[in-house]
């Protein structure tokens, strides 16, 4: 069976098949260190809201993958997104 090219191959070309699937971060509210699960299949640049595993307050997570599959992750208090009112 011949399959169509996968559009994700442009963002993540075939290589050793390794990409970061988790990162360490610190909650901007309670200051606890937490492990953040990452999904490399969701693209090279990602932004989403995730709740703290300790205090349950929402953060914005930004994950960016480089060509080798290494992720750079930033966590920001969700009430800071979109500027000040």
Fill in: Search result, residues across region 40-50 that are surrounded by 14 or more Cβ atoms within 10 Å (Cβ to Cβ) and part of a strand (DSSP E or B)
46, 50
Worksheet item: Looking at residue 37, is it within 15 Å of the chain's Cα centre (by Cα) and either buried (at least 16 other Cβ atoms within 10 Å of the Cβ) or at pLDDT 95 or above (or both)?
Response: no
Practice prompt. Evaluate region 51-58: report whether one residue or more is out of contact with any helix residue (DSSP H, G or I) (no Cβ under 7 Å at 6 or more places or on another chain), in contact (Cβ under 8 Å) with a residue 12 or more places away in the chain and either within 16 Å of residue 74 (Cβ to Cβ) or surrounded by fewer than 11 Cβ atoms within 10 Å (Cβ to Cβ) (or both).
Written response: yes
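Rundown of residues vs (1) touching a strand residue (DSSP E or B) at 6+ places or on another chain (Cβ under 6 Å); (2) at pLDDT 95 or above, yes/no style:
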| residue | (1), (2) |
| --- | --- |
| 1 | no, no |
| 13 | no, no |
| 30 | no, yes |
| 43 | no, no |
| 64 | yes, yes |
| 80 | no, no |
| 84 | no, no |
Worksheet item: Given the residues 68, 79, which is the only one that is over 8 Å from the mean Cα position of the chain (by Cα) and in a loop (DSSP other than H, G, I, E, B)?
Response: 68
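The values are calculated or read from the model by the stated rules, or taken from the named source; none is laboratory data. It should be emphasised that the depicted structure is a prediction, and the values quoted were computed from it without experimental measurement. Glycine also receives a Cβ, built like all others from the backbone with ideal geometry; neighbour counts cover every protein chain displayed.
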